[in-house]
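The structure appears below as structure tokens.
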Amino acid sequence: MKRIVFFISFFTFMIFSCNSCKKDKSLLGVKSYYLSSQELEVLKESAKTETNGQAAYRLSDYYYFYENDPSTGRKWLTKASNQGHPEAIETLKSLEAGETSK
């Protein structure tokens, strides 16, 4: 029981005291979806011209998971898929399969 209380206290302390975690909403190595305004602009410009879909896929993650904006996330996911990004293609197929099964 003492160990459980210790771990809860420790993780609570880590969550509320980590300044960099507050900025990008990451914790203990979990993937961060945060993008600064400068990073957003660079990725948007890259997504216009690139052919591998990497920037568009990164933008889809940002909008889906950080901004909680599924419609904009879907727009970027579709763009990444159209540019041939393998993960975007699979994710979009899964989303579409889930929508048609309802």
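Of note:
- Among the residues examined, Ser37 does not qualify as exposed (fewer than 14 other Cβ atoms within 10 Å of the Cβ), closer than 20 Å to Lys93 by Cα and at pLDDT 85 or above.
- Members of segment 44-57 found to be buried (at least 20 other Cβ atoms within 10 Å of the Cβ) and either part of a helix (DSSP H, G or I) or touching an Asp or Glu at 6+ places or on another chain (Cβ under 6 Å) (or both), listed by number: Ala47, Ala55, Ala56, Tyr57
- If you go through segment 82-102 and keep only what is hydroxyl-bearing (Ser, Thr, Tyr) and either assigned to a helix (DSSP H, G or I) or in contact with a helix residue (DSSP H, G or I) (Cβ under 9 Å, 6 or more places away or on another chain) (or both), you end up with Thr91, Ser94, Thr100.
- So Gly98, is it in contact with a Pro (Cβ under 9 Å, 6 or more places away or on another chain) and either exposed (fewer than 11 other Cβ atoms within 10 Å of the Cβ) or not β-branched (Val, Ile, Thr) (or both): no
- Filtering segment 58-73 to residues that are more than 12 Å from the chain's Cα centre (by Cα) and crowded, with 16+ Cβ neighbours inside 10 Å leaves nothing.
The values are calculated or read from the model by the stated rules, or taken from the named source; none is laboratory data. Note that this is a predicted model, so its numbers are computed, not measured. Reconstructed Cβ throughout: ideal geometry from the backbone, glycine too, with neighbour counts over all protein chains shown.
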